[in-house]
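Report on the following structure.
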Amino acid sequence: MKFTEEINRRRTFGIISHPDAGKTTLTEKLLLFGGAIQEAGAVKSNKIKKGATSDFMEIERQRGISVATSVLAFEYQDIKINILDTPGHKDFAEDTFRTLTAVDSVIVVIDVAKGVEEQTEKLVSVCRMRNIPMIVFINKLDREGKDAFELLDEIEQKLGLTVTPLSFPIGMGYDFKGIYNIWEKNINLFSGDSRKDIEETIEISDLSSSELNTLIGDDAADTLREEVELVEGIYPKFENKEYQNGTLQPVFFGSALNNFGVRELLDCFISIAPPPRPKESDIRLVKPEEQDFTGFVFKIHANMDPKHRDRLAFIKIVSGTFERNVPYLHTRHKKKLKFSSPNAFFAEKKEIVDISYPGDIVGLHDTGNFKIGDTLTQGEILHYKGIPSFSPEHFRYINNADPMKSKQLAKGIDQLMDEGVAQLFTLELNGRKVIGTVGALQYEVIQYRLEHEYGAKCTYENLNVHKACWVDPEDPLNEEFKEFKRVKNKFLAKDKQGQLVFLADSSFSLQMTQQKYPSIQFHFTSEF
């Protein structure tokens with residue numbers, strides 16, 4: 001009985017948005033409600049000493065952006081909440097796509113002034129593909145921004161969502177007076193005093209009462225009545241089943257920086273968001289309430305603690321319970337491993353846990369056994385699907401800048417690639433190493449981390465490649481494939497798993513190659 005209760009009280013979700021919409025700030029404020037931190041820091045330039053709790057890499061503190069997904073857990077009203085705060089910067093989108101395989105629902109943060117931005121569109125389309133339930137939080141209401149109805153239209157059109165507002169703003173920017181909570185039927189007045197951690201709410205069950213006029217003034221009261229009437233007229237009523245199927249998205253308004261509208265979001269979230277969901281493996285659908293443990297690695301992070309060069313593999317538990325010091329089967333290596341110190345997270349703080357339940361994220365110390373996408377089970381041979389490597393868009397040769405440190409460089413590159421920061425290709429022709437990334441900023445991160453974590457220096461050299469495609473021949477022994485390997489020799493490389501990759505120098509040559517060798521398939525993700 002306790003087992004099912006533990007599953008049902010877990011909520012694991014990710015926060016996604018365009019950079020600067022306020023994801024990390026929102027994460028901080030949610031933790032504040034969980035009593036996990038006393039005072040929240042904002043990601044700004046170096047002016048404040050107190051960085052955000054969820055940004056622990058030095059480079060993130062310098063730049064004021066999040067580059068790695070962090071995992072945070074806290075308890076709120078007897079619900080165990082696991083948040084995965086993802087990087088918004090498009091150069092790190094791959095990390096975010098992988099994180100989305102480990103969440104059961106998502107909160108999408110949208111900036112009231114900028115509206116829907118391109119990165120948000122990409123991420124939301126991934127969520128829609130997988131039918132992940134989404135709640136939309138429209139942030140920064142204390143600044144001037146677009147009209148609420150205009151924003152809701154934009155979300156429906158650009159993101160293809162069906163929305164229903166569960167709270168509504170009273171004014172905006174300078175005349176922002178507060179929020180009417182449609183879900184709980186009460187009003188929350190905005191004081192603009194950031195020292196007050198948690199605002200008072202005033203219950204108003206009847207919008208036509210004169211009490212509203214005394215609270216916010218006649219004009220604002222009349223406008224609010226009209227707008228709420230409009231909302232109830234235009235938008236569908238909230239249905240939990242539709243939300244959980246991913247066909248209806250509730251919308252909340254607020255200002256994360258001023259901690260305003262965040263409690264409403266959290267209270268509604270814990271009552272409607274789904275507990276851990278079943279997951280598809282290569283042989284069957286695995287349900288969380290099964291007795292046998294299964295889980296998969298969705299992220300590997302090296303050197304979280306500069307004092308110890310450690311590597312942590314993040315595992316999302318899908319079914320059963322994960323216990324400390326119990327041997328589990330690593331299905332790719334077909335060998336059993338046991339873990340003496342599995343970690344649960346609170347950003348930089350880690351605690352050792354004895355038992356974890358479905359929906360939890362556990363960090364396991366790794367000496368190089370894990371790759372992203374690996375599955376651990378109690379003994380059954382199965383593999384979880386859906387954690388691809390994407391075809392990179394930027395390519396550079398990597399050269400050793402300090403011949404004395406070639407061992408450190410090789411080790412550093414090896415570990416960073418396992419982490420999924422970028423992909424490594426080795427040319428067939430001369431064995432030179434090429435690094436492929438989804439975004440250009442990753443090269444800086446790699447260079448910075450190689451130097452600061454492994455003591456190795458590297459330089460880059462540009463390489464003119466348009467796309468990398470994984471090569472999948474119908475018959476590896478036929479003449480066509482042999483000819484392809486001979487003609488395209490200098491464009492061929494192996495990835496880290498030893499799969500053959502074709503580095504096309506232009507989209508034209510890729511098309512010509514596809515036409516010339518019809519029996520060979522070229523894939524843009526490694527999972528085929």
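Bear in mind that the values in this text are calculations on the coordinates, not laboratory data. Since this is a predicted model, take the numbers as computed values, not measurements. Counting neighbours? That spans all protein chains shown, and the Cβs are built from the backbone with ideal geometry, glycine included.
Take peptides 262-270, 223-231 and line them up by average Cβ neighbours within 10 Å, highest first, as a rough protection proxy.
On the way: 262-270: 20.4, 223-231: 14.9.
Order by mean packing, descending: 262-270, 223-231.
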Using modelled amide H (1.01 Å from N, peptide plane; none on Pro or chain starts), what sits under 5 Å from the amide H of ASN186, excluding residues fewer than 5 places away? ASN181, ILE204
Amide H contacts of GLY261 (H built 1.01 Å from N, under 5 Å, at least 5 apart or other chain): SER255
Counting Lys +1, Arg +1, Asp -1, Glu -1, what net charge surrounds MET512 among other residues with beta carbon under 12 Å of its beta carbon? +1
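Using packing as a proxy for protection, rank 79-86, 487-494 so that the peptide with the highest average count of other Cβ atoms within 10 Å comes first. It would help to have the intermediate numbers written out before the result.
On the way: 79-86: 23.8, 487-494: 15.9.
Going from most to least packed, we get 79-86, 487-494.
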Over the alpha-carbon set of the range 419-528, divide Rg by the Kirkwood Rh and report the Rg/Rh ratio to two decimals. 1.01
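Is there a pair in LYS146/LYS185; LYS122/LYS496; LYS385/LYS405; LYS29/LYS185; LYS23/LYS411; LYS279/LYS496 whose C-alpha atoms are over 29 Å apart, and which pairs would that be? Let's see the in-between values first.
Working: LYS146/LYS185 24 Å; LYS122/LYS496 27 Å; LYS385/LYS405 38 Å; LYS29/LYS185 23 Å; LYS23/LYS411 33 Å; LYS279/LYS496 27 Å.
Beyond 29 Å between Cα atoms: LYS385/LYS405; LYS23/LYS411.
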Tell me which residues come under 5 Å, amide H to amide H, from THR164 once H is placed; ignore anything under 5 positions away on its chain. GLN249, VAL251
How large is ³J(HN,Hα), in whole Hz, for each residue of the range 458-471 in order, when computed from phi with the Karplus curve 6.51 cos²θ - 1.76 cosθ + 1.60 and θ = phi - 60°, using x for Gly and Pro? 9, 10, 10, 9, 5, 9, 7, 10, 8, 8, 10, 10, 7, 9
In the neighborhood of TYR397, defined by Cβ-to-Cβ distances under 11 Å, what is the net charge if each Lys or Arg adds +1 and each Asp or Glu adds -1? +2
In whole Hz, what ³J(HN,Hα) sequence does the range 409-418 give by Karplus (6.51, -1.76, 1.60; θ = phi - 60°), x for Gly and Pro? 5, 4, 5, x, 4, 3, 5, 5, 6, 4
Please give the peptides 276-285, 16-25, 433-442 ranked by average Cβ packing (other Cβ atoms within 10 Å per residue), highest first, as a rough proxy for protection. 16-25, 433-442, 276-285
Could you list the residues of the range 262-277 with an amide nitrogen less than 15 Å from a label point located 7 Å from the Cα of GLU184 in the Cα-to-C-beta direction? 262-272
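Quote the charge dipole size of the range 100-148 about the Cα centre in Debye, to the nearest 20; the model charges only the Cβ of Lys and Arg (+1) and of Asp and Glu (-1). Mind showing how you got there, number by number?
Details: 7 positive and 8 negative charges, 29 e Å.
Magnitude of the dipole: close to 140 debye.
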If the reach is capped at under 20 angstrom between alpha carbons, list the aspartates and glutamates near LYS2, excluding any in the same chain fewer than eight residues apart. GLU75, ASP78, GLU289, GLU290, ASP292, GLU323, ASP354, ASP360
Give the Kirkwood hydrodynamic radius (Å, one decimal) of the range 442-487, defined as one over the mean of 1/r across all pairs of different Cα atoms. 14.3 Å
